[in-house]
Amino acid sequence: KDTIMMGNVYNAQGNAFDKSKNYDSALHYLNKAYNIFMKQDDPYYKMNILSNLGLTYKHIGKTAEAIQYFEEVKNVVVLDNMPLDYKAQIYNNIAATYSQAKNFSKAKNAFDSSIQFAKQANLSNVLMENYRNVSDMYGAMKDFKQEAHYLRSYYHLKDSLFSLDSKNKLTQLEADYQLERKNSELVKKNAEVE
């Protein structure tokens, strides 16, 4: 009797079928979730289901339908003054779909917006995805200089994130080691006192 929970179940099933490339079943369950979520006042549910439907249509090559859903999401994002991470992601989806449809001028404009929002919100993962997608777009346009530029940006950011992650892991290991050493000294002193 919990319609939101049922919508989430349908949405999850749709996403699972999309990942396994069973697009008919994906659309079946995503549309069931759509019928539930579009009746809700919560813009996050609406954005989520519209994005998932758009991505599934993009995956099956129906770019016009995908763009239609992504534009609806964009309207929700703009009207409800959503956080920058939502804006960065939806513009990336729009751009990648326009690029797939070979409408490169609209794709470039949407990529520029997504990159701007990603930089403002300091979203490295979205920025990295943008760089990879823009590189693919320029490859399809046979502009190999720009393709190489964005590919370098992608790998530079990826390497810096990997280095930062490695440094954080080493710092954590050092901290754990020092803590364990202190704990063993404390146990030793307590044993001596006893």
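The values are calculated or read from the model by the stated rules, or taken from the named source; none is laboratory data. Note that this is a predicted model, so its numbers are computed, not measured. When we count neighbours, we look across all protein chains shown, and the Cβ atoms used for this are built from the backbone with ideal geometry, even at glycine. For the accessible areas, the whole protein counts, side chains as well, though only heavy atoms, and no ligand, DNA or RNA atoms are used. Shrake-Rupley method; radii C 1.70, N 1.55, O 1.52, S 1.80 Å.
Worth pointing out:
- Subset of the stretch 109-134 (residues that are assigned to a helix (DSSP H, G or I) and open to solvent by 80 Å² or more (accessible area, probe 1.4 Å)): ASN109, GLN116, LYS119, GLN120, ASN125, ARG132
- Of residues in the stretch 89-108 being open to solvent by 40 Å² or more (accessible area, probe 1.4 Å) and within 21 Å of TYR155 (Cα to Cα), the one modelled with the highest pLDDT: LYS108
- Failed item, numbered, when ALA26 is tested on (1) closer than 30 Å to MET141 by Cα; (2) in a helix (DSSP H, G or I); (3) small (Gly, Ala, Ser): (1)
- The numbered conditions (1) at pLDDT 90 or above; (2) closer than 30 Å to LYS46 by Cβ; (3) of a type outside the set (A, V, I, L, M) are all true for TYR86 except (1).
- Filter result for LYS58 (basic (Lys, Arg) and closer than 23 Å to TYR131 by Cα): yes
- Cross-chain or 6+ apart pairs with Cβ under 9 Å, the stretch 57-81 first and on the phi > 0 side of the Ramachandran plot, then open to solvent by 60 Å² or more (accessible area, probe 1.4 Å): GLY61/GLN100
- Cβ pairs under 6 Å, 6+ apart, first in the stretch 12-36 and open to solvent by 50 Å² or more (accessible area, probe 1.4 Å), second part of a helix (DSSP H, G or I) and of a type in the set (A, V, I, L, M, F, W, C): PHE17/ALA26; TYR34/ILE49
- Taken together, ASN35, ASN8, ASN31, ASN52 contain a single residue that is under 16 Å from the mean Cα position of the chain (by Cα) and outside any loop (DSSP other than H, G, I, E, B), which is ASN52.
- The stretch 46-81: number of residues that are open to solvent by 40 Å² or more (accessible area, probe 1.4 Å) and β-branched (Val, Ile, Thr): 2
- If only residues of the stretch 147-194 that are basic (Lys, Arg) and either farther than 20 Å from ILE115 by Cα or open to solvent by 100 Å² or more (accessible area, probe 1.4 Å) (or both) are counted, the one that is modelled with the lowest pLDDT is LYS167.
- Top-ranked residue in the stretch 135-146 [being part of a helix (DSSP H, G or I) and in contact (Cβ under 8 Å) with a residue 24 or more places away in the chain; ranked as least open to solvent (accessible area, probe 1.4 Å)]: MET137
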